[in-house]
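Structure record follows, encoded as structure tokens.
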Amino acid sequence: MSATLVETSSASQPESLTLTHVGAYKEIAATSFSEDDERKGTETAPPASYPHYLPIWDEKTKYEPLKPFEHVEHGKEADPTFQDLLKPSSNVADLTASIGAEITGVQLTSLDNAGKDQLALLVAHKKVVVFRDQDFTKLPIHDALDWGRYFGRLHIHPTSGAPAGYPEVHLVHRGNGDTTAQELFQTRTNSVAWHSDVTYENQPPGTTILYALDVPPSGGDTLFVNMAAAYRRLSPAFRERLHGLKAVHSGHEQAESALARGGIVRREPVSSIHPIVRTHPATGEKALFVNSQFTRYIVGYKKEESDALLKFLYDHIALSQDLQARVKWAPGTVVVWDNRVTAHSAILDWETGARRHLARITPQAEQPTE
């Protein structure tokens, strides 16, 4: 199956929510891969470093709708001195003046609960934090999931591939020889698709963990943007106008896109209504909470009104490069970010066909409130 960029209209909608004007959903789909080549390698490419993390799609397993749960925000009561997270030998270097940090001298898997609480708080402040030379990939997968489960109920993605037996791991995988980049740019001028993960859920993710398995020598970076700073950058009058507004976030287009590519849907798609401005429970910061991949329209607005306001916000987010950071991946890298106050985009810019293989653990958080 060749790489495709699928734009779809809405699928069947839940009775409680009518999507009257739904935008297109854009997804960059990887080419199919040879599991044998990934496991054994080829004359020109080594085997996957972590074959037990190769994705499978289990067509037989279906999941019930997600039920509400009470989320415990561990950053809320964390020690703001970070004494259990940062040691005298630790170094914190800001990625930019407005977002992100890279920390050395910390081994995430050695943190106790107090250290994890402080990690959640630090990530809420910094928005995205990069840790190098981590031993995450040496853990059995179930131990890695247990580590991530501390931060919330683990999300099972409805359409993505996962390691056999571990549906809670969301895999980002492009096998050796993948030609997605060449095919994408025959019809597109860029690969940037800003989003926050699975915001169509009633309780979207909070503290999120992504770790490198195999990455190209160069390329395949990830962009992050500070959505709290993007909110503050707006004029007081404009911020006031956004207060009280809510928008529909839909997962129906993602599900339809997966099916159109011959994929699977493990749980019936849902839509949720969230405030356009949300407040972080640990820091009290307000942040924009819209994204072009999943946000569909503003409740109570006519189509033209909704489209105009959302387009302004999307352009504001995308063009605010002074509020963005670019993370370069390397073996042993773990990136932790707060999905409530950031958006991100992968960069599809390498044409060598080298493997890019990452694993995401996605704890869900509270229902967004303003």
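The values are calculated or read from the model by the stated rules, or taken from the named source; none is laboratory data. A quick note: this is a predicted structure, and the numbers were derived from the prediction, not measured. FYI the Cβ positions are ideal-geometry reconstructions off the backbone, even for glycines, and counts take in every protein chain you see. Remember, those area values only see protein heavy atoms, side chains included, never the ligands or the DNA or RNA. Shrake-Rupley method; radii C 1.70, N 1.55, O 1.52, S 1.80 Å.
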Margin query: Could you put 44, 180, 81 in order of accessible surface area, largest first, with the 1.4 Å probe and the full protein assembly present?
Written below: 44, 81, 180
Next item on the list: Just tell me which lysines come within less than 26 Å, Cα to Cα, of residue 40; anything on the same chain fewer than 8 places away is out.
Entry: 138
Next item on the list: Name the residues whose placed amide hydrogens come within less than 5 Å of the amide hydrogen of residue 342, ignoring near sequence neighbours (fewer than 5 apart) on the same chain.
Entry: 227
Item checked: Using a Förster distance of 35 Å, the FRET efficiency for residue 107-residue 259 (Cβ separation, nearest 0.05) -> 0.25
Next item on the list: Read phi for every residue in the stretch 51-66 and hand back ³J(HN,Hα) as whole Hz from Karplus 6.51 cos²θ - 1.76 cosθ + 1.60, θ = phi - 60°, with x for Gly and Pro.
Entry: x, 6, 9, 5, x, 10, 10, 8, 6, 7, 7, 10, 10, 5, x, 5
Next item on the list: Quick one: which residues, 5 or more positions from residue 365 or on another chain, have an amide H under 5 Å from its amide H? H modelled 1.01 Å from N in the peptide plane, none for Pro or chain starts.
Entry: 206
Next item on the list: Could you rank the peptides 261-267, 326-332 by their average count of other C-beta atoms within 10 Å per residue, with the highest value first?
Entry: 261-267, 326-332
Next item on the list: Return the sequence-ordered ³J(HN,Hα) values of the stretch 175-190 in whole Hz as given by the Karplus equation 6.51 cos²θ - 1.76 cosθ + 1.60 applied to θ = phi - 60°, using x for Gly and Pro.
Entry: x, 4, x, 5, 10, 4, 4, 4, 6, 4, 7, 6, 10, 10, 9, 7
Notebook entry, point to check: Rounded to the nearest 500, what is the chain's calculated 222 nm mean residue ellipticity when only DSSP H runs of at least 4 contribute -39500 (n - 2.57) each, over all residues?
Noted result: -5500 deg cm²/dmol
Check: Which residues' amide hydrogens lie under 5 Å from the amide hydrogen of residue 133, considering only partners 5 or more residues apart or on another chain, with H built in the peptide plane?
Finding: 333
Checklist line | Listed residues 33, 224, 312 arranged by accessible area, highest first, probe 1.4 Å | finding: 312, 33, 224
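Determine the alpha carbon to alpha carbon distance for each of 127/246; 76/303; 62/311; 60/286; 76/302 and list only those over 32 Å.
Details: 127/246 23 Å; 76/303 38 Å; 62/311 36 Å; 60/286 42 Å; 76/302 38 Å.
Over 32 Å Cα-Cα: 76/303; 62/311; 60/286; 76/302.
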Note to self: Please list, in order along the stretch 192-207, the HN-Hα scalar couplings obtained from phi with the Karplus expression 6.51 cos²θ - 1.76 cosθ + 1.60 (θ = phi - 60°), rounded to whole Hz, x for Gly and Pro.
What the structure shows: 6, 9, 5, 6, 10, 5, 6, 6, 6, 6, 5, 10, x, x, x, 5
Check: How much net charge surrounds residue 201 when only the other residues with a Cβ under 15 Å from the Cβ of residue 201 are counted, with Lys and Arg +1 and Asp and Glu -1?
Finding: +2
